[in-house]
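Notes follow the structure.
The values are calculated or read from the model by the stated rules, or taken from the named source; none is laboratory data. Only a predicted model underlies this, so the values are computations on that prediction, with no experimental measurement involved. Glycine gets a Cβ as well: all are built from the backbone with ideal geometry, and neighbour counts include every protein chain shown. Accessible surface areas use protein heavy atoms only, side chains included; no ligands, DNA or RNA. Shrake-Rupley method; radii C 1.70, N 1.55, O 1.52, S 1.80 Å.
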Amino acid sequence: MLNRIFLILCLLAICGGVSKAQTPPLPDPAHTAIKLATGSDSSDPFGLLESDEEETPVDDKKKAAGVKASVVVNMAMAEQAAFKLINKIRVEKGFAPLKWSDELAAVARLHSQNMAEFRFFSHRGLDNRLVSDRADQLKIGRWRSIGENIAFNRGYADPVGMAIELWLDSPTHRRNMLDPNWKESAVGVAKAADGSVYFTQVFLVRR
């Protein structure tokens, strides 16, 4: 069975200590990728994909609690897997690894969760805030430069690997991922009800 996979990527970097940012441009070939895949891949390392298998009925409350806990664990696993893979690539290219920041993880998760819940895809949230505004909202503190990569994909067995692969294939995303000036970073991952997986990576240099 032919499965169509839509993978859309977008990038914004804000530098020079200025928190004002431009609205992201409309997608162009460097920001959009559409791929087709035939057949299916049974591997799903983070449990991010929907399953067509029927489950044995269990107590609703226990089931709900188990699903919620599983989703939290899987999202955390996906975030760490993405971050480690990005650092591995940086080191292979001769750049210093990024330092994980729990503060930036909160910023990244906030945006990914909002995109997944309210079904939109943009650097600008429905509240009209950009990454610089979200950093200030969550009291990140004084910073000199901040940047953000976002992506989503659906229907792929390894959404983490695919998101990073397409970031690398895009010159602007790749430049952000491998920029030696970034010091801290974190990845936030969220899954929408339709199975789409949203990624946000935030980069930061403090004053």
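So for segment 120-187, taking the charge dipole from beta-carbon charges (+1 Lys/Arg, -1 Asp/Glu), which of TRP143, ASN176, PHE120 sits furthest toward the positive end?
Selected residue: TRP143.
Using only the Cα atoms, work out Rg/Rh for segment 61-196, with Rh taken as the Kirkwood radius, to two decimals.
Result for segment 61-196 is an Rg/Rh of 0.96.
Mind checking the per residue accessible area of segment 132-207 for me, 1.4 Å probe, whole number of Å²?
Ligands and nucleic acids excluded, the result is 36 Å² per residue.
For segment 135-207, rounded, prolate or oblate, judged on the Cα gyration tensor with a ≥ b ≥ c (square roots of eigenvalues), a/c < 1.5 rounded, else prolate if a/b > b/c?
Oblate.
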